[in-house]
Every structure is written in C-alpha cells, then in structure tokens.
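Undergrad: Here you go, one structure.
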Amino acid sequence: MIAKLFAKYQSIGLITLSLLAGAIMTFIALPVLTRLYSVADFGAYGIALAIVSVLSTVANLRLDQALLVAEDQDKKSLIFEGTVFSTVIAVMSGIVISLILNVEMACAVATGVLANTLLQSVYSYQFAAHKEYFCAGLNIFRSAIVVAVQLSLPFVMQISLVNSYNVSSILMIVAMLLYILKYQLYQVSWHAFKNYQDFIYANTPHALLNSFSHNLPYYVVSHFVGVQAMGFYTIVERTLRVPINLISQTLRQFFIRKFKDADSSQNALKASVLLSLVSLPLFALVFVLPESVYLWIFGSEWVGISTYFQILALGYWAVFCNPPSSAYLIAKRNSQVLFKLQIVELIIKFALFAGLYVLCADKIYMLLAVPVALIIYNFAILYVVWRNKS
C-alpha cells in the first residue's frame, strides 16, 4: 500500500518539496531583507513585481501551458516561438515603462518578464517529459538565485531592491539560454503554435485578467492608501503567496498532465475539496498570532502588519481548491469558461473596492474586496466542474 501511494504521488511530492525548500529560503531571508531594505524599497519592488506578474502570464501567449499537452514534435518549436514572443513583449514593455516611470523600473520589468517565461517554458517541457528531479532542481535554483542576490549585494554596494531583482533576473536569463542552446531545446519554426491557438485566444485572456485582478490591489493601495502601505502589502502578499505559488506553479501542471486523458471530473472535484480543507488550518494560524510575533520577524518598523495578514488570509485559502478544477478545464481545452468567470470576478472586485472606499474611513479595509472576490471566483470554478461531471 505504501509503495503504491509513493509511486502514485512521487511526482507531485518531489515538486512540492522543492518548492517548499524554496519557500523556506525566502521566508528565512525576509527578516534580514526587511532590515537591509526600507519600506519604500519594498513598495517600489511591489510595483515591479505586479507589472512583471501581469506581463509574464501572457508574454509567451501561454505556449508554456501548451507544452504540457503538446505533441512531441511540436514542443521544441513552441519553446522557440514562445521565447520570441516574450522577448518582443519584454522589450516593448521596458520602453513604455521607461517613459512612464523610470529606467530602473523598466529594466527590472523587462528582465523579470523574460526570465519568468524562459524558466516556465523549460520547466513545462521537462515536466511534460516526467523529469521531476530536474524540475525540482529548477524550482530551488530560482529561489536560491533571488534570495542570494538580494541578501549579498547590499553588503558590497548600495543598491535598491528593484535593481537587485534586475540582477537576479539577468542571471536566470543567461542560465536558461545556455541550457536551451546546449541541449538544443528549440526548433526554428512558425507552424506549431497554430495547433494550439485555443491557448492563445482563450487561455491568454484568462491569464491576463487573472494576473491583472490579482495585482489590482497593488495599484489600489498605492493610489488610495500610500507608498508606505504598499511596502506593507508587498511583504504580506509575498509571504502569503508562498503556498499559493506552490500550488499554482506546480500542482496545476501536475493536474493538467494527469487530466489530459481523463473522462470524468470526479477526481478533480475530490482533489479540490481536499486541498481546500488541508489549507484551512494553515491560514487560520494567521488570526491567532499576536502582533508582537510579526514585529519580531519583520522588525519594529512594520507596526500594524498583522491587519494586512488577516485581511488577505480570509480568502487566500480558497485558492487551494483552484488547481485541480482549473487544470481539468485547461486540459480539456475549455479555458474560455475560466475567462468568463474571471470577468465576473473582476467586476465584483471593482464594485467591492468602490463600495468599501465609500463606506470605510480607514482605506486599508478596501482590501477586504480581495478575499471576498477570491472566494467567489474559486468556488465558482469548482461549481462549474461539478456541473459538468460525467
């Protein structure tokens, strides 16, 4: 029995452990980082990450997701095509941002977008080939590079958090390009993507809306609450997103691959409910920790950060039911459902932001729109999959 369970879940267990190792590195580094960089630094870093997150999801037109279900003869072509698309979008976005914000932010966004898309393409290619040990190593490599650069550079030069992120992104770009070239994981072609246009026309708009919706609070906080609050929100969001990234970057790929040939959504439903229940105690812990614990971890400069943790934790646990259910829809080439639900979620979030802005004297409580919208959106996906079960 134990041997069967190990064989069944070895893949997901290995990848999860690798991301957990990366998450632990990030979490351990946070108390040091909050003392090396200022709150304003984290505010600017939060803006950069928000822009990178939005652009990274669509820079390669979701061809990294297509790699998980693509025919073997198309995979190397998809890597080449996705790299070209993401390079063009990264350069164009850098030029636009340099005109709107500054060159420092523009460089960080451009390199961050290209690094993310290259990493994800290589990851998806190897994951589709069941090379879990490589994927696990890549997860640890990504976290280690970011943490090592952010921790080491302030000791040798005066540098902002945005610029340190730029350095780590450049290192990852060089590493991924060398790997792609060395093992010839590309094929110059402009035909393969035509067979996966549903990822471009359905999955890409959904991913763009999802990323914009997720990063909308950054813009709301910076505009209505202030740059100081942006630093607080960045730290909290970065901490709570550790388990979210764990499931979105790993479990979804695992379930897409698993449900590619599934006839029924029954297993997707069971896995969604199980993940939601398992995650609930983890996020409930946020509500019992006193403020003093947060100040001990992050430093005395971060008074009031517990309120941010509690507001966001209300809804982040609901995201754990998403990977199996959304993966089932993606594997069945039915991403247009996710796109429609994302539009509804965004409308709800806008309405809640506006209503809370009028009703609440303390504008921080506008962030309550985030957990409410997350709960509605993720359980709506679960409901759609349940209605379509065979």
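The values are calculated or read from the model by the stated rules, or taken from the named source; none is laboratory data. For clarity, every value in this text was computed on a predicted model and none was experimentally measured. Positions of Cβ are backbone-derived with ideal geometry, glycine not excepted, and every protein chain shown enters the neighbour counts.
Quick grid of which residues meet (1) of a type in the set (Asp, Glu); (2) modelled with pLDDT under 85; (3) under 30 Å from PHE287 (Cα atoms):
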| residue | (1), (2), (3) |
| --- | --- |
| ALA318 | no, yes, yes |
| ALA327 | no, yes, no |
| ALA331 | no, yes, no |
| ILE343 | no, no, no |
| ILE364 | no, yes, yes |
| ALA373 | no, no, yes |
| PHE379 | no, no, yes |
| TYR383 | no, no, yes |
| SER390 | no, yes, no |
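Undergrad: Quick one: PHE224 ticks every box in (1) more than 27 Å from LEU352 (Cα to Cα); (2) in a helix (DSSP H, G or I); (3) modelled with pLDDT under 75 except a single one, so which number is it?
TA: (1)
Undergrad: With the requirement that a residue be surrounded by 14 or more Cβ atoms within 10 Å (Cβ to Cβ) and part of a helix (DSSP H, G or I), what does segment 155-165 give you? Full working, then the answer.
TA: Going through segment 155-165, the residues surrounded by 14 or more Cβ atoms within 10 Å (Cβ to Cβ) turn out to be 159-165.
If the condition is that a residue be surrounded by 14 or more Cβ atoms within 10 Å (Cβ to Cβ) and part of a helix (DSSP H, G or I), then LEU161, VAL162, ASN163, SER164, TYR165 are the ones that fit.
Undergrad: Given the condition among the basic types (Lys, Arg), surrounded by fewer than 20 Cβ atoms within 10 Å (Cβ to Cβ), in a helix (DSSP H, G or I) and free of Cβ contacts under 8 Å to residues at least 60 places away in the same chain, answer yes or no: does some residue in segment 335-358 qualify? Before you say what the answer is, go through the steps one by one.
TA: To start, the set of residues in segment 335-358 that are among the basic types (Lys, Arg) comprises 340, 349.
From what's left, surrounded by fewer than 20 Cβ atoms within 10 Å (Cβ to Cβ): 340.
In the following step, the residues that additionally are in a helix (DSSP H, G or I) were identified as 340.
Restricting the remaining residues to those that are free of Cβ contacts under 8 Å to residues at least 60 places away in the same chain gives 340.
The answer is yes, given that some residue of segment 335-358 is among the basic types (Lys, Arg), surrounded by fewer than 20 Cβ atoms within 10 Å (Cβ to Cβ), in a helix (DSSP H, G or I) and free of Cβ contacts under 8 Å to residues at least 60 places away in the same chain.
Undergrad: Scan segment 355-379 for residues that are touching a helix residue (DSSP H, G or I) at 6+ places or on another chain (Cβ under 9 Å) and over 15 Å from TYR308 (Cα atoms) and jot them down.
TA: Scanning segment 355-379 gives GLY355, LEU356, TYR357, LEU359, CYS360, ALA373, LEU374, ILE375, ILE376, TYR377, ASN378, PHE379.
Undergrad: Search segment 292-309 for residues that are in contact (Cβ under 8 Å) with a residue 12 or more places away in the chain and farther than 13 Å from TYR233 by Cβ and pair each with any residue that is in a helix (DSSP H, G or I) and small (Gly, Ala, Ser) when their beta-carbon atoms are under 7 Å apart and the residues are at least 6 apart or on different chains.
TA: From segment 292-309, the pairs are TYR294/SER306.
Results for (1) modelled with pLDDT under 85; (2) out of contact with any strand residue (DSSP E or B) (no Cβ under 7 Å at 6 or more places or on another chain); (3) part of a helix (DSSP H, G or I); (4) crowded, with 18+ Cβ neighbours inside 10 Å, shown as yes or no for each residue.
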residue: PHE6; (1), (2), (3), (4): yes, yes, yes, no
residue: GLN10; (1), (2), (3), (4): yes, yes, yes, no
residue: THR26; (1), (2), (3), (4): yes, yes, yes, yes
residue: PRO31; (1), (2), (3), (4): yes, yes, yes, no
residue: PHE42; (1), (2), (3), (4): yes, yes, yes, yes
residue: VAL52; (1), (2), (3), (4): no, yes, yes, yes
residue: ILE79; (1), (2), (3), (4): no, yes, yes, yes
residue: ALA90; (1), (2), (3), (4): no, yes, yes, yes
residue: GLY94; (1), (2), (3), (4): no, yes, yes, yes
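Undergrad: Of all residues in segment 262-284, which are exposed (fewer than 11 other Cβ atoms within 10 Å of the Cβ) and not acidic (Asp, Glu)? Outline the logic, then answer.
TA: Residues of segment 262-284 that are exposed (fewer than 11 other Cβ atoms within 10 Å of the Cβ), as a first pass: 263, 281.
Of everything in segment 262-284, just one residue is exposed (fewer than 11 other Cβ atoms within 10 Å of the Cβ) and not acidic (Asp, Glu), namely PRO281.
Undergrad: Hey, another quick one. Looking at segment 130-155, I want the residues that are basic (Lys, Arg) and have a partner that is modelled with pLDDT under 90 with Cβ atoms under 7 Å, at least 6 apart or on another chain. Which pairs are those?
TA: If the second residue must be modelled with pLDDT under 90, the pairs left are ARG142/GLY22.
Undergrad: Please state which one of SER189, SER152, SER168 is crowded, with 20+ Cβ neighbours inside 10 Å and not aromatic (Phe, Trp, Tyr).
TA: When all the criteria are applied, what remains is SER168.
Undergrad: If I filter segment 17-63 down to residues being small (Gly, Ala, Ser) and closer than 22 Å to SER93 by Cβ, which single residue comes out as nearest to the chain's Cα centre (by Cα)?
TA: Going residue by residue through segment 17-63, those that are small (Gly, Ala, Ser) are 18, 21-23, 29, 38, 40, 43-44, 46, 48, 50, 53, 56, 59.
Adding the requirement that they be closer than 22 Å to SER93 by Cβ leaves 43-44, 46, 48, 50, 53, 56, 59.
On the way: GLY43: 18, ALA44: 18, GLY46: 13, ALA48: 14, ALA50: 10, SER53: 7, SER56: 9, ALA59: 14 Å.
Within segment 17-63, the match that is nearest to the chain's Cα centre (by Cα) is SER53.
Undergrad: Among what's in segment 293-308 and is over 14 Å from PRO31 (Cβ atoms) and small (Gly, Ala, Ser), pick the residue that is modelled with the lowest pLDDT.
TA: Pass one, segment 293-308, residues over 14 Å from PRO31 (Cβ atoms): 303-304, 306-308.
Imposing the further condition that a residue be small (Gly, Ala, Ser) reduces the set to 304, 306.
Values: GLY304: 78, SER306: 82.
The selected residue is GLY304.
To keep it simple, each residue is scored yes or no on (1) of a type in the set (Asp, Glu); (2) more than 21 Å from LEU161 (Cα to Cα).
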| position | (1), (2) |
| --- | --- |
| LYS75 | no, yes |
| GLY82 | no, yes |
| THR87 | no, yes |
| ALA90 | no, no |
| SER93 | no, no |
| LEU101 | no, no |
| GLU104 | yes, no |
| ALA108 | no, no |
| THR111 | no, no |
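Undergrad: Then there's this: Every residue in segment 16-38 that is in contact with a Phe, Trp or Tyr (Cβ under 7 Å, 6 or more places away or on another chain) and among the β-branched types (Val, Ile, Thr), please.
TA: Scanning segment 16-38 gives a single hit, THR34.
Undergrad: Scan segment 359-379 residue by residue and report those that are within 22 Å of LEU240 (Cα to Cα), surrounded by fewer than 20 Cβ atoms within 10 Å (Cβ to Cβ), without any contact (Cβ under 8 Å) to a residue 60 or more places away in the chain and among the aliphatic types (A, V, I, L, M).
TA: Those that are within 22 Å of LEU240 (Cα to Cα), surrounded by fewer than 20 Cβ atoms within 10 Å (Cβ to Cβ), without any contact (Cβ under 8 Å) to a residue 60 or more places away in the chain and among the aliphatic types (A, V, I, L, M): LEU368, VAL372, ILE376.
Undergrad: Among the residues of segment 205-213, is any touching a residue at least 40 places away in the same chain (Cβ under 8 Å), farther than 20 Å from ALA66 by Cβ and buried (at least 21 other Cβ atoms within 10 Å of the Cβ)?
TA: Residues of segment 205-213 that are touching a residue at least 40 places away in the same chain (Cβ under 8 Å), as a first pass: 205-213.
Still in the list and also farther than 20 Å from ALA66 by Cβ: 212-213.
Narrowing the set further to residues that are buried (at least 21 other Cβ atoms within 10 Å of the Cβ) leaves 213.
Yes - at least one qualifying residue is present in segment 205-213.
Undergrad: Can you tell me which residues in segment 285-310 are part of a helix (DSSP H, G or I), among the β-branched types (Val, Ile, Thr) and either under 22 Å from the mean Cα position of the chain (by Cα) or surrounded by 12 or more Cβ atoms within 10 Å (Cβ to Cβ) (or both)?
TA: Residues of segment 285-310 that are part of a helix (DSSP H, G or I), as a first pass: 285-287, 291-298, 300-302, 305-310.
Applying the additional criterion that residues be among the β-branched types (Val, Ile, Thr) yields 286, 293, 297, 305, 307.
Correct list: VAL286, ILE297, ILE305, THR307.
Undergrad: Next question. Residues ALA115, ALA136, ALA144, ALA175: which one is closer than 19 Å to GLY46 by Cα and part of a helix (DSSP H, G or I)? Steps first, answer last, please.
TA: Numbers: ALA136 fails: closer than 19 Å to GLY46 by Cα; ALA144 fails: closer than 19 Å to GLY46 by Cα; ALA175 fails: closer than 19 Å to GLY46 by Cα.
Result: ALA115 is the single residue among ALA115, ALA136, ALA144, ALA175 that is closer than 19 Å to GLY46 by Cα and part of a helix (DSSP H, G or I).
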